[in-house]
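*Asks:* Here's a structure for you.
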Amino acid sequence: MLKVRSHEIELRKLSSIKPHPQNPRRNDDAVATSIREYGFRQSIVLDTAGVIIAGDTRWKAVHKLGLDKVRVHVAGYRAAAGDG
């Protein structure tokens, strides 16, 4: 049987979140426009060290919008250097 942790969401300051160093995406302007129009819908996923596993583009977009906190889900592991 698979044990699944509950999906806990918390608010974190952007300054405490670290972007993944190998993120290739550059479409943060479009994502910022979407967040401005429709709101922030999907949490950023972090590893236990606070490094982004999923959501680098959302992180960049909220910086552009001047937000200081964002919803995150902390996964129960630390990502390897090549993950993300």
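*Asks:* In segment 74-84, which residue that is aliphatic (A, V, I, L, M) and in a loop (DSSP other than H, G, I, E, B) is modelled with the highest pLDDT?
*Replies:* ALA75
*Asks:* Among the residues of segment 7-20 satisfying the criterion of being in a loop (DSSP other than H, G, I, E, B) and within 13 Å of the chain's Cα centre (by Cα), which is nearest to GLY76 (Cα to Cα)?
*Replies:* Among residues in segment 7-20 that are in a loop (DSSP other than H, G, I, E, B) and within 13 Å of the chain's Cα centre (by Cα), the one nearest to GLY76 (Cα to Cα) is ILE9.
*Asks:* Scan ILE44, ILE53 and give me the residue that is under 18 Å from VAL74 (Cβ atoms), modelled with pLDDT of 90 or more, touching a Leu at 6+ places or on another chain (Cβ under 9 Å) and aliphatic (A, V, I, L, M).
*Replies:* ILE53
*Asks:* Restricting attention to segment 24-56, and to residues there that are under 20 Å from GLU10 (Cβ atoms) and in a helix (DSSP H, G or I), which single residue is nearest to the chain's Cα centre (by Cα)?
*Replies:* ASP56
*Asks:* Among the residues of segment 64-73, are any in contact (Cβ under 8 Å) with a residue 60 or more places away in the chain, assigned to a strand (DSSP E or B), surrounded by 19 or more Cβ atoms within 10 Å (Cβ to Cβ) and under 11 Å from the mean Cα position of the chain (by Cα)? Step through it out loud before you land on a result.
*Replies:* Here is the first cut: in segment 64-73, the residues in contact (Cβ under 8 Å) with a residue 60 or more places away in the chain are 71-73.
With the extra rule that they be assigned to a strand (DSSP E or B), the set shrinks to 71-73.
Subset that is surrounded by 19 or more Cβ atoms within 10 Å (Cβ to Cβ): 72.
So of that shortlist, the ones also under 11 Å from the mean Cα position of the chain (by Cα) come out as 72.
The answer is yes; a qualifying residue exists.
The values are calculated or read from the model by the stated rules, or taken from the named source; none is laboratory data. A quick note: this is a predicted structure, and the numbers were derived from the prediction, not measured. Every residue, glycine as well, gets a Cβ built from its backbone with ideal geometry; the counts of neighbours run over all protein chains shown.
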